Every structure is written in C-alpha cells, then in structure tokens.
Amino acid sequence: MKRPWLVYGLAFVGGLVVFLFVLSFILSFLIKLKDIDFGKPQIGVLEIKGVIADPEELLRAIKFLKEKESIRGVVVRIDSPGGSVGASQEILEELKKLRTIKPVVVSMGNIAASGGFYVSLGGNQTFALPGTLTGSIGVVLQVPNLEKLLKKLGVEAEVIKSGEYKDTGSFYRPLSPKEKVYLQEKIKIIHEQFIKAIAKERKLSEAKVRELADGRIFTGEEALKLGLIDKLGSFWDAVEEVKRLARIKEAKLIYLPEKKVSFWKLLEEKASGLAESFYLKPWFFPY
C-alpha cells in the first residue's frame, strides 16, 4: 500500500528546494541590477581596511574599477595600520596604473600608517582628517625565540639544512650575530625602497623623507605641514574632489571589494592569522 503522506512530503521538499533556488536567482539578479548604471556615472570606493596581507581581492577590485567605463573616478578609503611589504607595493603599483586612466583620490580614516600610508601614495590627491594617524615610515621584523620554553617542555629539534642561513629565524634558538647583520641588511634595503617611493610620489627630497622615516606617527594635521598629504577633509570631501576632477555633478557610489561573509571565510582568516603569528612571522616584513 502506498503512503500518500510520503509522496506529499517528498513533493513538498522538492518544491521547497526549487522555490529557494528560484528565489536565490531572483535576489542575485536584483543585486546585479542595482549596480547597472543606466547611463548614470559612478564613483568607485575601494576600501582598504585592516592589516594588508593578501592583496588578491583588492587587485581584482582595482582591475574592475579600471575596466568599467561607467566608473568615472575612484575614492580609495584607507583604514589600515599597515601590512606586508610585497602586498603594499603591489597595491601601490596597480593604483598608479589606475590613476592614469581616471582620477584617484585617497581618503584616510582613523589610521593609514606604515603600509597603509605606502598605498596612499597611489592617489592623485590625498585627504586626511586632522586626527588621522599616519606616517610610521619604517620596517620591522620580529623573530620569536622560544628556546627556553621548548626546553622546559622537552621539545628539541634536529636541523639539517642546505646553507648557513636556511633556518634563520628558527624558534628553537636565538639569532646568531651574523644572522642579525644579514637580516638588518634586508631591513635597510626595504626601508630605502619605502623612502624612495615617498620621495618620488610626494615630490620631496630623499633627505627630507629620511628625516621622517624613523617610525614616528603623525596626525593628519602634521602630515599636511610635512607634505605627506594634500588636504584635510572627510570621505565626502574626497568624493566631491573626484566629481570635480571627473567633471561630473552627480554619481552613484560603488563599494569594493564586495563583502562576502561566511563561516568558512571567517575560519580561514582566523587560521591564516594564527599560522602567521606562530610560523610565518619571521619572514613577514611589515610596513
């Protein structure tokens, strides 16, 4: 004997799945539809927040901003204490390419220091608030030494390496005098790259920048006097400046990168941060 309730139940579940699929398709379409400009000019807002480590999402966003013709200009909103050298340099280079195509104005939020200041060099103009914290021009490398702790725990390591410096930064022992000199040389090279980039983009002498490049932070007000930014103003002042440079009166703001929040994304970020703190840190040269 057939069970009608089972048939009805399966039909209900099947119908629910189809309904949810169609609903998700419609919502996705509506989200895309709201970004269609229908001839109205747009201003892209590139948000650079938190530690600058993995640049891929930002690089994809910059590529989109560069290629989308309806986007007439870009505001780069920075709220970052800094990050890794390579990521900061790559973002800067792509912003410099973008500004040759359409106006790029930087807006500093609470903080745009170190690597956050570095990427700000990619704008045609830079705005900051009077109390914005910026500067922190320098490079730091921290190498944890867990030798004593590991010995107490009875943990030892046998190291087999191909060269003298291959295990530089090992947690199992302190740095040797030669390794300290070796790493200090790398710090000096990267620091010089930072100084030269600032001198070039801010049109300052290297001697002047070198005086400021001791790791000090500056308020937005101080940064203006030192020539590290162009104007004091809010995010909306930066938007108005983009309108002026792009010669448009009204524009819709398009925020990038798109925010995608999921459990797995958060888990991945936490795991990545933990690995960086305990394993990758010796070779993480933060700006």
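Can you order the peptides 140-149, 54-63 by their average number of other Cβ atoms within 10 Å per residue, highest first?
Values: 140-149: 13.2, 54-63: 16.7.
Result, highest mean first: 54-63, 140-149.
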Exercise. Take the Cα atoms of segment 111-237, find their three principal axes, and give me the spread along each one in whole Å, biggest first.
Key: 59, 29, 21
Quiz item: Dipole of segment 41-283 (Lys/Arg Cβ +1, Asp/Glu Cβ -1, origin at the Cα centre): which of 42, 138, 95 lies farthest to the positive side?
Solution: 42
Quiz item: If you count, for each residue, the other Cβ atoms within 10 Å and average over each peptide, how do 77-86, 230-239, 152-161 line up from highest to lowest?
Solution: 77-86, 230-239, 152-161
Practice problem: Show the residues, 5+ positions off or on another chain, whose built amide H is closer than 5 Å to the amide H of residue 133. | Solution: 111, 112
Exercise. Work out from phi, with θ = phi - 60° and the Karplus expression 6.51 cos²θ - 1.76 cosθ + 1.60, the ³J(HN,Hα) of each residue of segment 156-169, listed in order in whole Hz, and give x for Gly and Pro.
Key: 10, 10, 9, 10, 10, 9, 8, x, 4, 9, 5, 10, 4, x
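Which entries of 66/243; 203/243; 200/252; 188/231 show an alpha-carbon separation above 21 angstrom in the structure shown? Write down the numbers at each step before the final one.
On the way: 66/243 17 Å; 203/243 25 Å; 200/252 33 Å; 188/231 31 Å.
Table pairs above 21 Å Cα-Cα are 203/243; 200/252; 188/231.
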Quiz item: Tell me, 132, 126, 100, 219 in order of fewest to most beta-carbon neighbours within 10 Å?
Solution: 100, 219, 132, 126
Exercise. Give me the percent of DSSP beta bridges within segment 41-283 that run antiparallel, rounded to the nearest 5.
Key: 10
Practice problem: May I ask you to evaluate 6.51 cos²θ - 1.76 cosθ + 1.60, the Karplus curve with θ = phi - 60°, for each residue of segment 192-198 and list the ³J(HN,Hα) values in order in whole Hz, giving x for glycine and proline? | Solution: 5, 4, 4, 4, 5, 5, 5
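Every number in this text was worked out from the coordinates using simple rules, so none of it is lab data. Note that this is a predicted model, so its numbers are computed, not measured. Heads up, the Cβs are rebuilt from the backbone with ideal geometry, glycines too, and the neighbour counts pull from every protein chain shown.
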